[in-house]
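The values are calculated or read from the model by the stated rules, or taken from the named source; none is laboratory data. This is a predicted model, so every value here is computed, not measured. Cβ placement follows ideal geometry from the backbone for every residue including glycine, while neighbour counts extend to all protein chains displayed.
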Amino acid sequence: MPDLNFLITTWEGGGSVGPMLTLARKLRDAGYGVRVMSDACNRRETEALNLRFVPWTRAPSRTDRSRQSEIIRDWAADNPLDGFRQAIEDLFAGPAYAYAEDVIEELRHEPADLVITSDFLFGVMAGCESIGQPVAAMACNSVVFPLDDAPVAGPTHDPAMSAEEAAQGEAMRKAAREAFDCGLPALNAARALLGLGPLASLLDQLSYATTIFVAVSRYFDMVRNPIPSRYSYVGPQLDEVAWAEQLAVRPDERNRPLVVVSFSTTFQNHVGVLQRVIDGLASLPVDVIVTLGPAIERDELQPAQNCSLVASAQHGPLMRQASLVVTHGGHGTLARAMTHKLPLLVIPHGRDQDGNAARVEAHGAGIMLPPAASAAQIHDAAVRLLSEPAFAAAAARLAEAVTLEADESHIVGEIERLCSSALTSMAG
């Protein structure tokens, strides 16, 4: 391949950053020019990889990861759909024109052979469309778009659904489409300013992307064939982030099982559930390490005698000594735990987490509890996960498949083929 130049665009949303930086690092290692455009607070981990960083200037750009700077506040909504609408209106579609202006300005400053964007940045795709810039999208979790051509994934009990089940499923898809389309007026207003025609649905903007990469394991996702041609499963992208600390993982030398408790990097009003996890594990003969992340302060929690609170920790070294992971179910934490053959206690708080938790249970590698689970329920689930061999055996099977897909990810080759096809078309 000739020298290629890539612009990668993402946003500070916890799990939305790491996979994009891993991709950027892989493209850099292949000898290509790469720069990353994201929130100002992502400069440190980007430059730690010797990648050039460009902050958003018109579009939302968080300067830190504190709860005060959070844009998505779905945890405060009356219901999950209202919370999702807030995210669409305030981040993914509302500022569409600002994202478009930023990316167009950057491309005029320095062209790119391909823009690779987070699949939720509709304004980036519209901006690229307006100037004829090739763009691909990447999902950092299972595809959540209610599209007719989206991959069929996730656990199902019976492929032959009853008429009632089919009607319920379609009602849910309709509600999801309507939630996305709350951002359609803002996106169409941006498109008008960009000289583009209106769309009938917000998700129609995705049709401009040449490919949608799905950065999860096909095996974990339980995806069924055939996979629609414009989607490509490329496996988890799992580099450690630069801001996480390297931790001496043993709080003492009692040689007891280690339980890692790692919830969201972003604030999801999860102080209460963290305290119940600490309380539920307090009487067990285990050591517990709780990674707080940037949004939770130490003085908000009361650790038990077997519990250590840390601001952050690199997941790989920590999980190599762990026996169990307790998590909210964000894909980044899950993927890292899966590659280390660890049973999982998943307590989802929304977003993609419920689907991830259902997959963990369907694979037999863990237990899912509701966010309101009591300390006693958490205790009992942890006892089962640590003592019943079936969970460890299922986790080992899952690890074999997920690790293989992560290690043999073909994403750089896929991108090279996209660029080669584009160059051939231009030459023709």
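Observations
- The listed residue being part of a helix (DSSP H, G or I) and either surrounded by 24 or more Cβ atoms within 10 Å (Cβ to Cβ) or among the charged types (D, E, K, R) (or both), out of Asp78, Asp102: Asp102
- Inside the stretch 209-235, residues that are in contact (Cβ under 8 Å) with a residue 60 or more places away in the chain and assigned to a loop (DSSP other than H, G, I, E, B) make up a count of 14.
- Segments classed as strands (runs of 3 or more DSSP E), wholly inside the stretch 313-428, with at least 3 members that are at pLDDT below 95 and of a type in the set (Phe, Trp, Tyr): none
- Odd one out for Ser217, checked against (1) closer than 30 Å to Arg73 by Cβ; (2) at pLDDT 90 or above; (3) of a type in the set (Gly, Ala, Ser): (1)
- Test for Ile278: is it assigned to a helix (DSSP H, G or I) and either modelled with pLDDT of 85 or more or among the acidic types (Asp, Glu) (or both): yes
- Meets criteria (more than 21 Å from Met20 (Cα to Cα), in the same structural domain as Phe180 (by TED's automatic domain parsing) and either free of Cβ contacts under 8 Å to residues at least 24 places away in the same chain or under 19 Å from the mean Cα position of the chain (by Cα) (or both)) for Asp119: no
Yes/no per residue for (1) within 17 Å of the chain's Cα centre (by Cα); (2) modelled with pLDDT of 95 or more; (3) among the aliphatic types (A, V, I, L, M):
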residue	(1), (2), (3)
Lys26	no, yes, no
Arg35	no, yes, no
Glu45	yes, no, no
Phe53	no, yes, no
Trp56	no, yes, no
Ser66	no, no, no
Ile72	yes, no, yes
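- Condition check for Arg65: basic (Lys, Arg), free of Cβ contacts under 8 Å to residues at least 60 places away in the same chain and not assigned by TED's automatic domain parsing to the domain that holds Gly350: no
- Of residues in the stretch 40-72 being within 17 Å of Phe92 (Cα to Cα) and touching a Phe, Trp or Tyr at 6+ places or on another chain (Cβ under 6 Å), the one surrounded by the fewest Cβ atoms within 10 Å (Cβ to Cβ): Glu70
- Residue satisfying all of: in the stretch 1-33; of a type outside the set (S, T, N, Q) and in a strand (DSSP E or B); surrounded by the fewest Cβ atoms within 10 Å (Cβ to Cβ) among these: Gly33
- Tally of residues being touching a residue at least 24 places away in the same chain (Cβ under 8 Å) and either of a type outside the set (A, V, I, L, M, F, W, C) or closer than 17 Å to Leu281 by Cα (or both) across the stretch 381-406: 8
- Residue within the stretch 29-48 that is touching a residue at least 40 places away in the same chain (Cβ under 8 Å) and over 27 Å from Phe267 (Cβ atoms) present: yes
- Residues of the stretch 281-312 classified as touching an Asp or Glu at 6+ places or on another chain (Cβ under 9 Å) and part of a loop (DSSP other than H, G, I, E, B), total: 8
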